[in-house]
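See below for the structure under consideration.
The values are calculated or read from the model by the stated rules, or taken from the named source; none is laboratory data. All figures in this text were calculated on a predicted structure; none of them were measured in a lab. When we count neighbours, we look across all protein chains shown, and the Cβ atoms used for this are built from the backbone with ideal geometry, even at glycine. The accessibility values were calculated without ligands, DNA or RNA, using every heavy atom of the protein model including side chains. Shrake-Rupley method; radii C 1.70, N 1.55, O 1.52, S 1.80 Å.
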Amino acid sequence: MLSPWAGCLSQSYATPHAATSHLKWGVHPTALLGDGELWGGAEAAQHCRWRCEEEWDFLWCDVTWLRENFDHVYLEEHVRICHFRNHYELSRKNYLVKNLKRFRKQLEREAGKLEAARCDFFPKTFELPSEYHLFVEEFRKKPGTTWIMKPVGRSQGKGIFLFRKLKDIFDWKMAGRASRKTECVFTIFPVYKLERGNCLFVFPQDGGRTNEQKDETQIETYVVQRYIENPYLIGGRKFDLRVYILVTSYSPLKAWLYRDGFARFSSMRFTLNSIDDHYVHLTNVAVQKTAPDYDPEKGCKWMIQQLRQYLTAKHGTGLVEVLFADMDNIFIKSLQSVQKVIISDKRCFELYGYDILIDQDLKPWLLEVNASPSLAASSQEDYELKCHLLEDTLHVVDMEGRLTGKEKRVGGFDLIWNDGPVSRGGNLGALVNGNFMANTHLGCFNDRKKQLKELFGNLPA
């Protein structure tokens with residue numbers, strides 16, 4: 001099976017019309033890695049035809065390339081690149097929380113507590129080691145509560161662990177030192193202990209190390225979050241959602257929500273009696289595919305339409321519509337929280353992968369936002385979803401200039417925010433039967449081929 005990028009480019013642009021024939025498309029091979037797996041550098045380079053010395057009009061690159069090259073290359077006005085310069089304000093776990101906390105305080109000052117409460121969609125979170133003392137204070141309020149530790153700069157479930165005692169952090173640290181194979185270590189150098197009563201935390205000690213050693217073993221920043229102990233279960237198993245948001249501008253904010261997405265399930269039944277079992281608590285495909293009973297044919301995914309149908313059958317249309325409206329609120333509020341800090345450049349766009357967890361009360365929680373969502377496919381259905389996602393992203397970015405700018409739907413993407421909420425009615429803010437109905441269709445039927453044919457006529461879709 002080819003990578004979705006290879007399929008996308010070959011299917012969509014094998015016979016481009018006149019407006020696209022002069023465009024040069026570049027896909028950096030490692031950009032396929034995302035928060036999942038790389039299809040293979042050789043395959044990616046072959047099918048996506050990347051050569052770093054080439055000129056390009058459109059570039060899909062990874063964030064490392066962006067960080068190393070963006071400020072050192074000249075970009076003409078017409079080019080497009082798949083990341084905003086400081087995308088990490090939303091996608092890096094500690095910055096995401098910092099911006100959401102700041103935005104919540106701003107809303108409380110300007111609009112009141114009720115509006116600020118609409119930002120209460122992420123678990124209690126602290127950055128370590130900088131907020132260690134604040135964390136200890138919160139930890140002591142509810143002894144025995146489960147917490148989850150996550151490195152801010154890693155993906156695929158690497159470096160994550162659950163704990164209920166502060167001592168567990170030290171034990172985990174010592175286990176990591178004993179076995180160099182583990183990836184869940186702050187450092188393997190000598191440490192000193194910071195104690196407050198019976199609370200203990202371990203930090204690296206710089207004494208006796210060379211500058212070179214210090215550079216190689218910088219303190220790794222983590223976030224520690226209160227673990228959602230009551231996740232919604234299907235078949236006794238935990239799951240989370242991957243939802244795609246495309247932002248084409250931050251000034252003004254313009255965001256598109258993709259109709260398709262998927263639920264990722266754990267392979268083991270949920271229990272809080274074994275918090276060390278990653279197959280129970282982490283739904284990342286990179287983790288689950290190593291489970292003993294993992295079936296690569298079936299995978300651990302449901303399409304989001306299937307999930308919405310299941311929830312509607314069990315809980316009724318009304319409650320499910322509220323749930324999905326609450327998810328819409330998460331998307332908009334999180335984007336608004338970084339709107340003033342993201343460097344908006346008309347040559348940039350960003351396809352985000354949102355990870356959402358639903359609890360037993362049908363409350364959605366934001367887990368994290370990925371700036372490089374995985375484009376690797378775990379099944380034929382997953383492959384088709386990501387091919388269509390990439391094709392429709394290219395349609396919205398519109399290098400060819402085929403759109404008028406007034407469209408509220410392009411393929412599987414629905415415009416949900418255009419410097420304000422977008423209605424399903426004729427105009428952007430129009431009412432439907434006297435009520436405002438948001439232009440969101442997550443988990444609804446995606447008749448993208450029909451819509452693209454109506455939008456573009458006989459042009460390639």
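Structure values in brief
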item	result
Computed label-point distance, nm, for sites HIS72 and THR271 using a 7 Å Cα→Cβ extension	5.3
Added length on full extension, which subtracts the Cα-Cα distance from 0.36 nm per residue, LEU134 to LEU319	63.0 nm
Environment charge at PHE349 (Cβ cut-off 11 Å; Lys +1, Arg +1, Asp -1, Glu -1)	+1
Net charge contributed by nearby residues that have their C-beta within less than 12 Å of SER423 (K/R +1, D/E -1)	+1
Rough spin-label spacing in nm, given labels placed 7 Å along Cα→Cβ, for LYS346 and MET437	3.5
Relative contact order (percent, whole number), the stretch 264-339, Cα cutoff 8 Å, 6+ residue spacing	22
Net charge, GLY144 excluded, C-beta distance under 10 Å - Lys, Arg +1, Asp, Glu -1	+3
Added length on full extension, which subtracts the Cα-Cα distance from 0.36 nm per residue, THR146 to GLN106	11.4 nm
Relative packing of 243-255, 135-147, 118-130, which averages over residues the other C-beta atoms within 10 Å, highest first	243-255, 118-130, 135-147
Distance in nm between pseudo-label sites at ASN329 and ARG85 (7 Å out along the Cβ direction from Cα)	3.5
³J(HN,Hα), Karplus 6.51/-1.76/1.60, whole Hz, each residue of the stretch 266-279, x for Gly, Pro	7, 8, 10, 5, 6, 7, 8, 7, 9, 6, 8, 8, 5, 5
Per residue solvent-accessible surface (Å²) - the stretch 292-365, probe of 1.4 Å	45
Contour minus Cα-Cα distance for ARG164 and ARG237 (0.36 nm per residue)	24.1 nm
Built amide H within the under 5 Å cut-off of VAL223, gap 5+	LEU128, LYS150, VAL152
Alpha carbon centroid spacing (whole Å) that separates the stretch 117-172 from the stretch 283-351	23
